[in-house]
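Undergrad: Starting off with a structure, shown below.
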Amino acid sequence: MKAYFYILTFGCQMNKNDSERIAGLLTKIGLKETKLPEKADVLFINTCSVRQHAEDRVFGFIREWQKFRITKPNLIVGVTGCLPGRDKDGKLQKKIPGVDLFFPIVELPTLSRRLHELNPKLFPGSFDSVEEYWQIEPKLDKNYSAFVTIQNGCNNFCTYCVVPYARGVEKNRPLKEILQEIKVLIKNGCVEVTLLGQVVNNYQAPDKENFSKKNPFSDNFAALLWEINQIKGLKRIHWTAADPQHFTDEQIQALTLPKQINFLHLPVQSGNNQILKKMNRKYTREDYLKLVKKIRKARPEIALGTDFIVGFCGETKKQFLDTVDLYKKCDFDISYHAQYSTRSGTVAHKMFKDNVTREEKKSRWQVLQELMVDTTFKKNKKYLGKENFVLVDSFVDGWCSGNSQELKLTRFRGTPKMIGTIQSVKIVKTDTWILWAEKL
Ligand code: SF4
């Protein structure tokens, strides 16, 4: 009998890539993916702990799934991701009844053995040959664009963040393996890769001897970008999320490599030096502004994205105005705004008071939202009449949609056959979140 699995994913692109690896592993041992939780024999939830709200939703889904046990007494419910990762004392696990598997993502290689132990009938065979996390082949939804994880964990310990506790210390993937994975992806039709890591531009190859002799860079991340640029068949390279403190001149130079897309995500979090210090971000607003200036000098048309946290412990109105000022100076193309919520286990939770009111956080968030909409709307006008290249992602009612070189959603009249290809277009109308175009 064929067994089915269902995966629900919360959180960032790293989590999405982890879910692709869970799906890859489950497919390898003979299960089939379903989009219907009620049909599944194995239900997985890949959790995110960055916000309290995301964790609360996990509890709701697990409760809801228990009703499937009436018709499926052998149902297996699994929880992985950040929540088990940061549950060092087992308290969180005790709070969620009805879970059969509870493990941090680094223990993914043990999944097939654990399933066998739970239900040897459904999962026969020996699963003793434990694979390395990196070696588990992800099961991709689309073949033309893929995430490639180059690093796991983080050593930065920003005071508000659970990631170093949930994912552990930084571990870099061997260069040889990264290049090999990309080559296999290209063979299967991939034209765009997004490199993932918590502090992606702090990448340090454990196998430096594998860098080509011709590689002009000594900074390991810039050198990695150069190596990937040499791979035939790949058209676009994107990476997320860079840390300003690790951004080197060589990395700025690597932004001009031919396959690098015209977008950079550079999280800043706050525009005020005292708040940055309290957050343990190891740069100042002046450092950040200087970096943006250098980047724009090297690649003047690059679109910039960032992240902000508003209402961090003790943030005054005046300090928030520094953030607004920094926003205006940097002229971001897109930004993601979070209203600070304290996370247990972090330094901020232990040391600082979460004392900005909910209303104040919301109103600061609103200020940034409005600023973003206004800035982006104005900035997009510069694309009018210009040529761009779109990687087509979908086709609905005669319209192709996909990302431009700046990762801006672009729509034009096309055909379903264009999905997965890069099309040259001319922008004919601009909105805040959509560029309308004609096929060239
Ligand atoms: S760099 Fe800071 S915010 Fe990013 S994952 Fe590491 S600790 Fe968290």
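Undergrad: Take each of the peptides 311-318, 392-399, average the number of other beta-carbon atoms within 10 Å over its residues, and list them starting from the highest.
TA: Details: 311-318: 17.2, 392-399: 13.1.
Listed from highest to lowest mean packing, they are 311-318, 392-399.
Undergrad: Let me ask another. For the chain, what is the mean residue ellipticity at 222 nm derived from helices alone (per DSSP H run of n ≥ 4: -39500 (n - 2.57); sum divided by total residues; nearest 500 deg cm²/dmol)? The partial results should precede the final answer.
TA: On the way: 14 runs with 144 residues, N = 440.
It comes out at -9500 deg cm²/dmol, rounded to the nearest 500.
Undergrad: Here's something else I'd like to know. Of all DSSP beta bridges in the chain, what percent run antiparallel (nearest 5)? Please list the in-between numbers first.
TA: Details: 22 of 61 bridges.
The antiparallel proportion sits near 35 percent.
Undergrad: Please report the net charge: other residues with Cβ closer than 14 Å to the Cβ of VAL199, K and R +1, D and E -1.
TA: Details: positive: ARG167, LYS171, ARG173, ARG281, LYS282; negative: GLU170, ASP219, ASP243, ASP307.
Net charge in that neighbourhood comes out at +1.
Undergrad: Amide H neighbours of GLN198 under 5 Å, counting only residues 5+ apart in sequence or on other chains, H built in-plane at 1.01 Å?
TA: GLY153
Undergrad: Lysines within cross-link reach of LYS88: Cα-Cα under 28 Å, excluding same-chain residues under 8 positions apart?
TA: LYS16, LYS171, LYS277, LYS278, LYS282, LYS350, LYS353
Undergrad: Let me ask something else about it. Of all accessible surface on the chain at a 1.4 Å probe, what whole percent is carbon and sulfur? Present the calculation step by step, with values, prior to reporting the outcome.
TA: Working: 11090 of 20340 Å².
The computed percentage sits at 55.
Undergrad: Okay, moving on. Could you compute the FRET efficiency for LYS353 and PHE61, with r as their C-beta to C-beta distance and R0 at 30 Å, rounded to 0.05?
TA: On the way: r = 32 Å, r/R0 = 1.06.
FRET efficiency, LYS353 to PHE61: 0.40.
Undergrad: Continuing with the same structure: ³J(HN,Hα) across region 24-33 via Karplus (A = 6.51, B = -1.76, C = 1.60, θ = phi - 60°), whole Hz, x for Gly/Pro?
TA: Those phi angles translate into x, 5, 5, 5, 4, 8, x, 8, 10, 7 Hz.
Undergrad: Let me ask something additional. Taking a label point 7 Å from the Cα of LYS417 along the Cα→Cβ vector, which residues of region 191-213 have an amide N closer than 20 Å to it?
TA: The answer is 191, whose backbone nitrogens lie closer than 20 Å to the label point.
Undergrad: Oh, and also: Report, ordered by chain and residue number, the lysines lying within cross-link reach of LYS121, taken as a straight Cα distance under 19 Å and ignoring same-chain residues fewer than 8 apart.
TA: LYS2, LYS28, LYS32, LYS39, LYS72
Undergrad: Taking H placed 1.01 Å from N in the peptide plane, check which residues at least 5 places from ALA338 or on another chain put their amide H under 5 Å from its amide H.
TA: PHE308, ILE309, VAL310
Undergrad: Name the residues whose placed amide hydrogens come within less than 5 Å of the amide hydrogen of HIS265, ignoring near sequence neighbours (fewer than 5 apart) on the same chain.
TA: Amide H to amide H, under 5 Å and 5 or more residues apart or across chains, HIS265 pairs with ALA242, GLY305.
Undergrad: Can you check what the net charge comes to around GLY233, using other residues whose Cβ is under 15 Å from the Cβ of GLY233 (Lys, Arg +1; Asp, Glu -1)? Walk me through the numbers on the way to the answer.
TA: Working: positive: LYS183, LYS187, LYS232, LYS235, ARG236, LYS259; negative: GLU181, GLU192, GLU227.
Counting the neighbours of GLY233, the net charge comes to +3.
Undergrad: Over the chain, give the accessible area per residue in Å² for a 1.4 Å probe, as an integer.
TA: Ligands and nucleic acids excluded, the figure is 46 Å² per residue.
The values are calculated or read from the model by the stated rules, or taken from the named source; none is laboratory data. Note that the structure is predicted; figures quoted are calculated from it, not measured. Neighbour counts run over all protein chains shown; Cβ positions are idealised from the backbone, glycine included. These area figures cover heavy atoms from the full protein model, side chains too; ligands, DNA and RNA do not enter into them. Shrake-Rupley method; radii C 1.70, N 1.55, O 1.52, S 1.80 Å.
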